[in-house]
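The values are calculated or read from the model by the stated rules, or taken from the named source; none is laboratory data. Just so you know, these numbers come straight off a predicted model, no measurement behind them. Methodologically, a virtual Cβ is constructed for each residue, glycine included, from the backbone with ideal geometry; neighbour enumeration extends over all protein chains shown. The area values use the complete protein model at the heavy-atom level, side chains included, leaving out ligands, DNA and RNA. Shrake-Rupley method; radii C 1.70, N 1.55, O 1.52, S 1.80 Å.
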Amino acid sequence: MKKVIVFITLKQGVLDPQGKAVQTSLHSLGFQEVEEARIGKYIELYVEDQENVSERVQAMCEQLLANPVIEDYRFEIEEAVHS
Amino acid sequence: MKFAVIVFPGSNCDRDMYHAVKDILGEEADLVWYENSNLANYDAILLPGGFSYGDYLRSGSIAATSDCLKQIKAHAAKGKPVLGVCNGFQILLEAGLLPGAMLCNKNLAFMCHQEKLRVANHTTLFTSEYEENEIVQFPIAHGEGNYFCDEATIKELRKNKQIVFTYEANPNGSTEDIAGIINREGNVLGMMPHPERAVEALLGSADGLKVFQSIVMNWRNSYVASV
């Protein structure tokens, strides 16, 4: 079993109204040093061991998990630790 | 003319859409549950607004992967009309039937009010009953209607006259004030504002009626007349 961690982020140049609001809130809390905040998604997948995990996950990202018009993705694959 | 109004878990404008075509227009219409649906015998498909699958992942993304959408793609490939409104538009974008994507409204608010729109292309099968550049009033009701696409896509949209409705006072930050776009072939229209909620004076506007009248008129002209 593999644990796949997928990070979805907005593409550079795509406005992030949520990130903007979070940045404004951080400023109002006194964290003036925050020059930008961008909100993304974190997804964990547990997948059966197979040879082409990486290609399969890439296809998942392109077909569903990320929207290539506005989002970039990257992922990490590690051994799943059974609990 | 026979319309299918597709119902996904979380659709909430399906009844309004049904009411518009069935009761106001007097055409045949069915509410069609997305699972095990058979769309072969319908002349036009209407994708209503709402929050299909609770807007999980991204608005419209889960519905876009359903078997129902495969059928809708096949329907569209035959040149038959498909209209997606609000969440229906988001589904069409996610399914790749229309270019671009939706972002959160610029002000982060869910907005629900009347908006003035310009009919930027009155030569489509959805807008032929309107005058050129006619100003109409439809309600909007969305949190993610901020249309985004890259510069190359905008150029394409402009060149092919695919921008069909624009906002007079852009409420959500949409690129080029876009409120509705059509595919290159001219038979798939997606729009954020709700024409089905503007079909009777009682609702505050009857300006949306012409969208449905245009569909029927063009269908009669191209199919019935030729039989």
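Observations, loosely collected:
- Single unsatisfied condition, residue B:71 versus (1) part of a helix (DSSP H, G or I); (2) in contact (Cβ under 8 Å) with a residue 40 or more places away in the chain; (3) farther than 22 Å from residue B:124 by Cα; (4) among the polar types (S, T, N, Q): (2)
- Among the residues making up the stretch B:60-79, those that are aliphatic (A, V, I, L, M) and either within 16 Å of the chain's Cα centre (by Cα) or open to solvent by less than 10 Å² (accessible area, probe 1.4 Å) (or both) are B:63, B:64, B:69, B:72, B:76.
- When the criteria are applied in full, residue A:19 fails the requirement of being open to solvent by 40 Å² or more (accessible area, probe 1.4 Å), without any contact (Cβ under 8 Å) to a residue 40 or more places away in the chain and more than 11 Å from the chain's Cα centre (by Cα).
- Restricting the stretch B:143-164 to residues that are in contact with a strand residue (DSSP E or B) (Cβ under 9 Å, 6 or more places away or on another chain) and small (Gly, Ala, Ser), the residue that is surrounded by the fewest Cβ atoms within 10 Å (Cβ to Cβ) is B:143.
- Taken over the stretch B:1-30, residues that are of a type in the set (A, V, I, L, M, F, W, C) and surrounded by fewer than 16 Cβ atoms within 10 Å (Cβ to Cβ) amount to 0.
- Considering only residues in the stretch B:106-142 that are within 14 Å of another protein chain (Cβ to nearest Cβ) and in a strand (DSSP E or B), the one that is surrounded by the most Cβ atoms within 10 Å (Cβ to Cβ) turns out to be B:142.
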